[in-house]
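Written below as structure tokens is the structure these notes are about.
The values are calculated or read from the model by the stated rules, or taken from the named source; none is laboratory data. Just so you know, these numbers come straight off a predicted model, no measurement behind them. Cβ placement follows ideal geometry from the backbone for every residue including glycine, while neighbour counts extend to all protein chains displayed. All accessible areas refer to the heavy atoms of the entire protein, side chains included, with ligands and DNA or RNA removed. Shrake-Rupley method; radii C 1.70, N 1.55, O 1.52, S 1.80 Å.
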Amino acid sequence: MIGINVYLALIAIATLLSMYRVFRGPTTVDRLVAVDIMTTITTGLMVLFALYYGRMIFLDVALVYAILAFGGVIAFARYMEGGL
Amino acid sequence: MNALTAVGEILVLLGTFFYILSSLGLIRMPDVYNRMQTATKSATLGSLGVIIGVGIWALGTDFGSAAWLTKTIVIAVFLLLTNPISAHALIRAAYKSGIPLWEGSVVDRYREHLEAKEKEAGSPKNPDETPIKEGGVE
């Protein structure tokens, strides 16, 4: 219908817009929120790349990336809170 | 093009639209709490759309099989479970590290809850202790 390149370009625009908050954000938690949203977007991007190249192994890469990003965000949140 | 490809493309288009909405909310909102609300909700919905859409879209292509849909459903359920948890942990870290609310905010339920719990933990000891003391004295 439209083509997968257009969707990849739209995801790139969304990533660039949220990167504005990473560079600009006044506090550390602002930057962490933006990085969290960017990891969610990157998971969708990897799933789209799996369809783009026609290889199912990239879906496993996306799942492992989602798990590691979740652990990283939880660890940073505990660090900000004063635990850890 | 068959029907599965069309349904998958529509879902992927909706998902990317919600991605752009979430990054727009990340820019436009005034406060870290408001930013987290809008961005997490719409990014979760957008990634559900993109991932399930890719799973349905791959069924319509020549290399696709049912394993694509199964794996994408696993990834989508994982994101749907863990995204609110990470958002909750980040927002609690922001509140405990002392970032103030926006000046236009009118309600702070978490502070009310903390104050009520503190008062509840402090006050019942005194009414419990005083009758026992009085009874003991009399």
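Side notes on the structure shown:
- Cα-based helix-to-principal-axis angle, B:109-122 vs chain B, degrees rounded to 10: 30
- Whole-number Å³ per residue for the convex hull built on Cα positions in region A:1-81: 76
- Paired Rg and Dmax values of chain B, which use every Cα atom, in angstrom: 24.8, 91
- Put a dot 7 Å past the Cα of residue B:59, heading toward its Cβ, do the same for residue A:16, and the two dots end up 3.5 nm apart.
- Fraction of the pair-distance distribution of the protein assembly as shown above 28 Å, Cα-Cα pairs, percent: 40
- Net charge dipole size for chain B [Lys, Arg +1 and Asp, Glu -1 on Cβ; Debye, nearest 20]: 460
- Accessible surface of region B:52-91, 1.4 Å probe, proportion on carbon and sulfur as whole %: 79
- Whole-number percent relative contact order across chain B, with pairs defined as alpha carbons under 8 Å at least 6 apart: 23
- Most mobile listed residue (B:32, B:12, B:77) in chain B, GNM with C-alpha springs under 10 Å: B:77
- Rounded to 10°, Cα long-axis angle of helix B:66-96 versus longest principal axis of chain B: 30
- Average beta carbon contacts from partner chains per residue of B:87-96, 10 Å cutoff: 6
- For region A:1-81, size of Cβ-based charge dipole, Lys and Arg +1, Asp and Glu -1, in debye: 140
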